[in-house]
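Notes to accompany the following structure.
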Amino acid sequence: MSARFWTVGLGLLGLLGLAVANGEMTVVVSGQSTAPQAAAAKPKSFATPKTPWGHPDLQGVWTSDDMLSIPMERPEQFAGRAELTDEEFADRAKRDQAALERNKKAVGAFRGDVGSRSFRQTSRVIEPADGRVPPITPEAQRRVDSRQARRSNAPSSWEDRSLYDRCITRGILGSTLPVIYGNGNQILQTPTSVVINYEMVHDTRVIPLDGRPHVGHAVRLDMGDARGHWEGSTLVVETTNFGDRSAYRNANAATLRLVERFTPTAPGRIEWAVTVDDPMTWTRRWTFAMPLTMNDREPVLEFACHEGNYAVPNILSAARSGERNKTD
């Protein structure tokens, strides 16, 4: 586990607000400034930087920390509205500032001034328009029920535990969606590929850009098989060939298709949008979107999950002990 647990887990538990500009909230943990540079107005026009070989330059360390307090699905009180009103936005800033004040001392001990932004979104889901994940199919419900039944009973094997417990992977989306720590990802580029190094469980994803087809249907991978191309300044990545154990939200690995779009929109900001397409799991396709913000002050650190993971042996040994007690 990286030291980011402290800076994110303690400092961003509420998500963050102090200065408000152009529909964004910006804070500084030290409290030394109420109008940090990060809150400055966006430039009227933004020229996407280029690599030496002419591709849009996405390289750097990017974090989803700024979206930590924004829910995946739209709460009922915001029904029909994709953005907060000015009053609601100000209230969010006040609540988040109170959370910052509670945690400022602990965070400041690890790194000095820390800035973060939040946004007016009422949900990460942007399509369907109601901001809600579509209903799942009857087949998907059966898969969910089966998995829940296995995990509600005493585990007979490590395979009955989640990949989270087993320190294997969080999958593509779980490696980027914000949680209380480990939200930093580093993007590297070559003329023929884009590489994403995820801090969460130290996964590394290589995305070819040379037009090669996906691997054969029989090949199944925890992070899927990705293929990328450029549409203007947007990197479009299609991923298929997922493994059953790592398919997002218990999707059908054989039919799940993810399409990601990485679009630079301002200095230090990428809009990341993902369309989730699996007709065997959801009644329609759906899309969520969120900004990723650059934070080169926090390099991606080692994620030493296996080295300190006592969860699985303790869970299994407790289950075996319980079984012995029942037969004694």
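Kindly rank 194-207, 212-225 from highest to lowest mean number of other beta carbons found within 10 Å of each residue.
Details: 194-207: 19.2, 212-225: 13.9.
Highest mean packing first, the order is 194-207, 212-225.
Note that region 132-146 has calculated 3J(HN,Hα) couplings of 10, 5, x, x, 8, 7, x, 4, 5, 4, 5, 5, 4, 4, 5 Hz, one per residue in order, obtained from phi through the Karplus relation 6.51 cos²θ - 1.76 cosθ + 1.60 (θ = phi - 60°); glycine and proline are x. In this structure, residue 82 and residue 327 have a Cβ-Cβ separation that, at R0 = 56 Å, corresponds to a calculated FRET efficiency of about 0.45.
Of the peptides 257-263, 236-242, 62-68, how do they stack up when ordered by the mean number of other Cβ atoms within 10 Å, highest first? Walk me through the numbers on the way to the answer.
On the way: 257-263: 19.1, 236-242: 20.7, 62-68: 24.3.
Packing proxy ranking, top to bottom: 62-68, 236-242, 257-263.
When the alpha-carbon atoms of region 128-243 are used, the pair Rg, Dmax equals 17.1, 52 angstrom. Sorted from longest to shortest, the spans of the Cα atoms of region 138-318 along the three principal axes equal 53, 39, 27 Å. Given +1 at the Cβ of Lys and Arg, -1 at the Cβ of Asp and Glu and no other charges, the dipole of region 138-318 around its Cα centre is 480 debye to the nearest 20.
Multiplying the residue separation of residue 254 and residue 306 by 0.36 nm and subtracting their alpha-carbon distance yields 15.8 nm.
For region 138-318, the relative contact order comes to 19 percent (Cα pairs under 8 Å, sequence separation of at least 6). Rounded to the nearest 20 debye, the dipole size of region 129-180 about its Cα centre is 60 debye, using +1 on the Cβ of Lys and Arg and -1 on the Cβ of Asp and Glu. Ordered by the count of other Cβ atoms within 10 Å of each Cβ, fewest first, 326, 50 give 326, 50.
Quick note: the coordinates plus some simple rules give every number you see, no bench work behind them. None of these values were measured; they are calculated from a predicted model. Neighbour counts are summed over all protein chains in view; Cβ atoms, including those assigned to glycine, are modelled from backbone coordinates with ideal geometry.
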